[in-house]
1. Return only the number of the condition from (1) among the aliphatic types (A, V, I, L, M); (2) crowded, with 23+ Cβ neighbours inside 10 Å; (3) over 28 Å from VAL61 (Cβ atoms) that ILE242 does not satisfy.
2. Which count do you get for residues in region 376-385 that are within 20 Å of PHE309 (Cβ to Cβ) and surrounded by 16 or more Cβ atoms within 10 Å (Cβ to Cβ)?
3. For GLU89, indicate whether it is within 21 Å of VAL387 (Cα to Cα), open to solvent by 30 Å² or more (accessible area, probe 1.4 Å) and of a type in the set (Asp, Glu).
4. Checking the condition under 16 Å from GLN293 (Cβ atoms), β-branched (Val, Ile, Thr) and open to solvent by 20 Å² or more (accessible area, probe 1.4 Å), which residue from VAL61, VAL76, VAL54 passes?
5. Return the residues of region 127-178 that are in a helix (DSSP H, G or I), within 23 Å of LEU219 (Cα to Cα) and β-branched (Val, Ile, Thr); say none if nothing qualifies.
6. List the strands (runs of 3 or more DSSP E) that sit entirely inside region 28-99 and contain at least 2 residues that are more than 17 Å from the chain's Cα centre (by Cα).
7. Does at least one position in region 355-368 carry a residue that is touching a residue at least 12 places away in the same chain (Cβ under 8 Å), more than 27 Å from the chain's Cα centre (by Cα) and open to solvent by 20 Å² or more (accessible area, probe 1.4 Å)?
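The values are calculated or read from the model by the stated rules, or taken from the named source; none is laboratory data. Here the structure is a predicted model, which means the values were calculated and not measured. Methodologically, a virtual Cβ is constructed for each residue, glycine included, from the backbone with ideal geometry; neighbour enumeration extends over all protein chains shown. Just the protein is used for accessible areas: all its heavy atoms, side chains included, with ligands, DNA and RNA removed. Shrake-Rupley method; radii C 1.70, N 1.55, O 1.52, S 1.80 Å.
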Amino acid sequence: MYKIRTINNLSEKGLAIFPGRDYELGSEIADPDAILVRSHQLTIKDATASLRAVGRAGAGVNNIPVSEYTGLGIVVFNTPGANANAVKELVMAGLLLSCRGIIPGIEFVSTLDDNTDKTDVNRLVETNKKRYKGRELKGRTLGVLGLGAIGSMVAEMALNMDMEVLGYDPAISVEAAWRLSRRVQKMDVMQQLFAQSDIVSLHVPILESTRGMINQETLGSFREGAVLLNFSREEIVDNDAISEALDSGRISQYISDFPTPELMGKPGVVAMPHLGASTDEAEENCAVMVAEQVLDFLENGNIRNSVNFPDLSLERSDSGYRLALANRNVPRILGSVLSILADRNINVIDMLNKSRDDVAYNLIDIESKPTDELVRSILAIEGVINVRVFSE
């Protein structure tokens with residue numbers, strides 16, 4: 001029986017992935033095999049001895065102490081792309097808000113609530129509508145910083161709206177590159193993208209290398225009067241630098257999904273209450289995706305969409321047993337494990353080994369049932385973090 005601790009409200013469709021006969025789910029489970037979480041802040045205290053995995057129903061994992069969990073051999077999963085369409089649609093709203101007088105126009109109409117004379121209302125609307133005249137997006141240039149699951153969809157959406165699209169992503173994956181339209185013009189440097197864009201949309205993860213990347217220096221490369229959209233992460237921008245750029249006219253608008261006290265109410269700022277993934281469909285997609293990944297890991301040891309361990313998947317053989325081994329990424333550990341198996345005349349049916357940064361992960365299918373003594377011997381190897389055994 002596997003135990004799953006659920007934190008925050010998760011879609012019932014996702015939770016239903018776990019068969020009731022084999023899984024116990026609940027918010028009060030003290031010693032879980034896995035934790036499913038959305039925005040709740042986890043700490044090292046949540047990493048009980050039984051914990052093997054954390055599934056984040058969303059893309060960002062800044063609410064999880066990933067480095068500390070990695071050292072304990074805890075695999076952290078996320079759900080890249082599951083909420084991409086929801087965010088893309090909100091970016092579309094941001095684009096429209098940036099170029100049309102939608103918000104001030106609505107605010108003006110709300111001042112006419114008490115006017116019951118239709119003729120007078122029509123006259124006031126026709127007289128004042130020129131104050132809210134905007135520009136069309138067609139023909140304008142959108143710069144997309146980050147071309148992953150969301151950024152590539154935003155780029156395609158803008159192309160379909162007849163915009164010119166520039167893209168920059170120094171770490172673009174092969175999968176993302178295949179997904180990207182050839183009509184997106186690739187920029188060699190980030191500042192080049194800023195200098196040539198009427199509107200810039202941010203779609204990068206929060207990393208030490210991206211924290212505060214939109215600052216006084218980088219904003220200096222923006223085209224005068226450009227618009228900045230941030231539906232990525234609050235910490236990517238320096239709010240003081242944004243305020244100064246608005247005051248100087250370097251940027252004309254900052255449209256963000258992350259309200260901050262420094263910028264709320266400031267002219268040129270449109271802030272939304274973190275609505276990016278707040279759709280029924282996105283929440284369901286994230287819950288289903290993370291549940292499937294955690295289930296496959298618990299039952300088979302396979303890893304898909306981990307932020308701290310390598311992706312590794314090995315089809316189970318019809319017979320035999322499986323060892324899943326996490327270890328420090330140092331030489332000779334796998335060789336030591338294979339020597340222990342050979343010394344006990346245990347035949348290896350199949351195996352996979354991959355590393356990622358400071359950790360490595362192995363799936364080893366063997367013919368014989370592993371004993372407790374075998375597991376203890378493997379755990380005694382210096383650098384081994386944990387070992388899990390899967391029966392037939």
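1. Of the numbered conditions (1) among the aliphatic types (A, V, I, L, M); (2) crowded, with 23+ Cβ neighbours inside 10 Å; (3) over 28 Å from VAL61 (Cβ atoms), the odd one out for ILE242 is (3).
2. So the count comes out to 4.
3. No; evaluated as a whole, the condition is false for this residue.
4. On inspection, the qualifying residue turns out to be VAL61.
5. Within region 127-178, ILE150, VAL154 qualify.
6. It comes to 34-37.
7. So far as region 355-368 goes, yes, one or more of its residues are touching a residue at least 12 places away in the same chain (Cβ under 8 Å), more than 27 Å from the chain's Cα centre (by Cα) and open to solvent by 20 Å² or more (accessible area, probe 1.4 Å).
Matching residues to (1) buried (at least 19 other Cβ atoms within 10 Å of the Cβ); (2) of a type outside the set (S, T, N, Q):
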| site | (1), (2) |
| --- | --- |
| VAL227 | yes, yes |
| SER232 | yes, no |
| LEU246 | yes, yes |
| ILE255 | yes, yes |
| PHE258 | yes, yes |
| HIS274 | no, yes |
